[in-house]
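To start, the structure itself, in structure tokens.
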Amino acid sequence: MADGSARGRGAGPKPAFEAALADGFEGDDFSPAGGLYYRRNAEQRAGFYEFQREVTRGSPGALKLGVRPAAVPGRHGSERAEVWERTALRVPYERAVWYGFSVRFGEPIPQADHRHLIAQWKREIGPSARGDYSPFLALRLVRGRLFATVETTLHPADLATPDRPAATPAWLRRDAGQMRALVATDDGWGDGDGSLFSARTGRIVVTDRGNRLPAPDSGWIDFAVMTRPGLDGSGQIELFANGRWVVTVRGDIGHDDAGLGAHQYFKFGPYRSAAAGEWTLYFDNFRRSMRAKDVLEPRTLAAYSAAGAPGRPATI
């Protein structure tokens, strides 16, 4: 007994961010076990949410998130209804963490060519940081096409060699001082959909795993994502959809400018530039863990493990 007590005292409590989180949205509020909440602020004035039981992924309930035309003055005409991780549970910025969630697009699916996001991963931005920082990973929609982007700091060398043909398509966002790389698309993607990504970069390297993103009108899409931001080539992202491995992304991922915080965080829900009509998404089966096996389906986990779990950034 004494030996066991000594081990208990020496081990100490685990950090809050190491706890596995899950929420199936089956009740009338967010589950304490999921660590999520709907952010109520002026930016979300156009948004609404509902715990409903009509559109589900084979479970008793799912979360409905939507936006209506009600742009907030001074917010660049954006409309959003996003669910956030609780601040106390955020993961340190350069730690690897796995996320999973299912999403279904409500009708009509937007066909506009302006900003539509369904999920984003960001670094904390402190009060002394200059400028606005885009998500280091985002799942986006344009003209009814689904795609994923990875962001990093724009360097002068990126402007000097913008057209390397074998490298990753990129948008050199000079005004923001950031570079956005196109890392995955659905089967409907055409040349005109990616016109902004006219440059090329070798700082973000994509390994195609042989699968595309599902189409937005294909029904429920289950995403599994590992994020580990990092510059100097140390960043890594793994992206799965419906149990299929889509891409591995390595290289300069995220930002390290002065004033940025020590943690990464995830938020999901419709976020668009001001537009007419209502845009609705349904979410289910949220999970987050430091271990892949808590997020990936067994068959997918076996394939990932068999491939050597490239870089082995997180516990299998």
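Quick one: 3J(HN,Hα) in Hz for the stretch 82-91, Karplus 6.51/-1.76/1.60 with θ = phi - 60°, rounded, Gly and Pro as x.
After applying 6.51 cos²θ - 1.76 cosθ + 1.60, I find 10, 9, 10, 6, 5, 4, 5, 9, 5, 8 Hz.
Taking a ≥ b ≥ c as the square roots of the eigenvalues of the Cα gyration tensor of the stretch 238-294, is the shape rounded (a/c under 1.5), prolate (a/b larger than b/c) or oblate?
It comes out oblate by the Cα gyration axes.
What full-extension length gain, to one decimal in nm, is calculated for Asp175 and Arg40 as 0.36 nm per residue of separation minus the Cα-Cα distance?
Result for the pair: 45.6 nm of gain on full extension.
For Cα Rg over 2.2 N^0.38 Å, the listed values are (i) 1.78; (ii) 1.48; (iii) 1.00; which was obtained by calculation from the structure presented?
(iii)
Taking the full set of protein chains and a 1.4 angstrom probe, give the accessible area of Asp217 in square angstrom, rounded to the nearest 10.
Its accessible surface works out to 120 Å², give or take rounding.
Which is farthest toward the positive dipole end of the stretch 35-172 among Val150, Ser102, Pro60, measuring Cα position about the Cα centre, with Cβ charges +1 (Lys, Arg) and -1 (Asp, Glu)?
Value computed over the given set: Pro60.
Rounded to the nearest 20 debye, what is the charge dipole size of the chain about its Cα centre when +1 sits on each Lys and Arg Cβ and -1 on each Asp and Glu Cβ?
Once rounded to the nearest 20, the dipole reads 480 debye.
Report, by chain and number, residues whose modeled amide H sits under 5 Å from the one on Trp279, excluding near sequence neighbours (fewer than 5 apart, same chain).
So Trp279 has HN proximity to Val67.
Towards the positive end of the charge dipole of the chain, with charges on Cβ (+1 Lys, Arg; -1 Asp, Glu), say which of Pro92, Thr280, Phe197 has the farthest Cα.
Pro92
Calculate one ³J(HN,Hα) per residue across the stretch 39-51 by plugging θ = phi - 60° into the Karplus curve 6.51 cos²θ - 1.76 cosθ + 1.60, and present them in order as whole Hz with x for glycine and proline.
7, 9, 8, 4, 5, 9, 4, 7, x, 8, 9, 8, 8
Can you run phi through the Karplus equation (6.51, -1.76, 1.60; θ = phi - 60°) for the stretch 17-34 and list ³J(HN,Hα) in whole Hz, with x for Gly and Pro?
These are the phi-based 3J(HN,Hα) values: 5, 7, 5, 6, 10, 7, 8, x, 6, 9, x, 10, 7, 5, 6, x, 6, x Hz.
For the ranges 199-212, 176-189, what's the packing order if you count other beta-carbon atoms within 10 Å of each residue, average per peptide, and put the highest first?
Peptide ranking by packing, descending: 176-189, 199-212.
Nearest 20 debye, what's the magnitude of the dipole of the stretch 139-265 about its Cα centre given +1 on Lys and Arg Cβ and -1 on Asp and Glu Cβ?
Once rounded to the nearest 20, the dipole reads 120 debye.
The values are calculated or read from the model by the stated rules, or taken from the named source; none is laboratory data. A quick note: this is a predicted structure, and the numbers were derived from the prediction, not measured. Cβ: placed from backbone, ideal geometry, glycine included. Neighbour counts: every protein chain shown. Keep in mind that these areas ignore ligands, DNA and RNA; they rest on the heavy atoms of the full protein, side chains included. Shrake-Rupley method; radii C 1.70, N 1.55, O 1.52, S 1.80 Å.
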